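Data first, discussion second: the structure below is written as structure tokens.
The values are calculated or read from the model by the stated rules, or taken from the named source; none is laboratory data. Since we're looking at a predicted model, the values are computed, not measured. Cβ atoms come from the backbone with ideal geometry, glycine included; neighbour counts cover every protein chain shown. To get the accessible areas, we keep the full protein, side chains included, count just its heavy atoms, and leave off ligands, DNA and RNA. Shrake-Rupley method; radii C 1.70, N 1.55, O 1.52, S 1.80 Å.
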Amino acid sequence: ASTLPFSYTVTTTGGRCGTATRTGNLTINPLPIVSAGPDKQVEAGKSVVLNGTVDGINNTITWTPPTGLSSTTTLTPPATNISQTTTYTLTVRTSAGCTASDQVVVVLLKPIDIPNAFSPNGDGVHDKWIIRNLELYSNAVVEIFNRYGSKVFERRGYNSSNAWDGTMNGRPLPVGTYYYVIRLGTGKEASSLFFSIIR
């Protein structure tokens, strides 16, 4: 899209050389307003639709890289068979040749790996209950219960740096079986199962 032309006049004075005046019309072609949409998460083997938007008409649309996209020239292409976390760039070119772009990150959510035991005994080996790949699920909630059903731990945003160390209120919990519930925050909940603290 472009705005209506507007008139301009430029006048220069050259001292003894006199005055020169020039008039004309100037058209300003604005940059398109582009959004690649919010960042996305997708589980391995599943697809997710990108949500690009742009103002105006007669725009040329290009997504890069083309990896996993069903189309690189539509605003809302499905992304499938993604093998790694990918940053896609949406570039829009207007009929006047003005371009603008925006990016969206599609995070590949790998399956979580939940250990069935850990040994918080201070020897530096398996002292925390590390759940591999859970950090990819930023809204995940981990709850842990003792065998009597009392909650002994809860954390949102669980990852290897804040993983449970087998304590409650700073005191080590006894050896035994504990139960967990992990809510991944994607509408899917991991199975509620048990694991053991050993020392």
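Quick check: anything in the stretch 107-117 surrounded by 15 or more Cβ atoms within 10 Å (Cβ to Cβ), among the hydrophobic types (A, V, I, L, M, F, W, C), farther than 30 Å from Leu50 by Cα and in contact with a Leu (Cβ under 7 Å, 6 or more places away or on another chain)?
no
Could you run through the stretch 72-87 and say how many residues are assigned to a loop (DSSP other than H, G, I, E, B) and surrounded by 13 or more Cβ atoms within 10 Å (Cβ to Cβ)?
7
Specify the residue that is surrounded by the fewest Cβ atoms within 10 Å (Cβ to Cβ); the eligible residues are those in the stretch 149-166 that are modelled with pLDDT of 95 or more and of a type in the set (Phe, Trp, Tyr).
Among them, the one singled out is Phe153.
Does Lys128 fit the bill of being within 30 Å of Leu90 (Cα to Cα) and surrounded by 12 or more Cβ atoms within 10 Å (Cβ to Cβ)?
The answer is no for Lys128.
Conditions: (1) under 30 Å from Gly166 (Cα atoms); (2) at pLDDT 95 or above; (3) hydroxyl-bearing (Ser, Thr, Tyr). Thr64 meets all but one. Number of the miss?
(1)
Would you confirm, using the coordinates I've provided, whether Pro38 is within 29 Å of the chain's Cα centre (by Cα) and open to solvent by 60 Å² or more (accessible area, probe 1.4 Å)?
Yes; evaluated as a whole, the condition is true for this residue.
Tell me which of these Leu173 doesn't satisfy, since it passes every other one: (1) within 22 Å of the chain's Cα centre (by Cα); (2) at pLDDT 90 or above; (3) not β-branched (Val, Ile, Thr).
All conditions pass for Leu173, except number (1).
What's the number of the condition Thr91 fails, among (1) of a type in the set (Ser, Thr, Tyr); (2) within 30 Å of Asn59 (Cβ to Cβ); (3) open to solvent by less than 40 Å² (accessible area, probe 1.4 Å); (4) within 22 Å of the chain's Cα centre (by Cα)?
(3)
Return the total of residues in the stretch 11-32 being hydroxyl-bearing (Ser, Thr, Tyr) and within 53 Å of the chain's Cα centre (by Cα).
Of the residues in that region, 2 qualify.
Can you say whether Asn25 is in contact with a Gly (Cβ under 6 Å, 6 or more places away or on another chain), of a type in the set (S, T, N, Q) and either surrounded by 11 or more Cβ atoms within 10 Å (Cβ to Cβ) or farther than 19 Å from Asp102 by Cα (or both), as far as the supplied structure shows?
So Asn25 fails the test.
Just give me the residues in the stretch 41-69 being open to solvent by 70 Å² or more (accessible area, probe 1.4 Å), in a strand (DSSP E or B) and closer than 26 Å to Ala96 by Cβ, in sequence order.
Within the stretch 41-69, Thr53, Thr60 qualify.
Here's the yes/no breakdown for (1) of a type outside the set (A, V, I, L, M, F, W, C); (2) over 23 Å from the mean Cα position of the chain (by Cα); (3) closer than 24 Å to Ala44 by Cα:
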site: Phe118; (1), (2), (3): no, yes, no
site: Asn139; (1), (2), (3): yes, no, yes
site: Arg147; (1), (2), (3): yes, yes, no
site: Ser160; (1), (2), (3): yes, no, yes
site: Thr167; (1), (2), (3): yes, yes, no
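Determine, yes or no, whether Tyr8 is among the aromatic types (Phe, Trp, Tyr), crowded, with 17+ Cβ neighbours inside 10 Å and more than 30 Å from Trp129 (Cα to Cα).
Taking the combined requirement at face value, the residue does not satisfy it.
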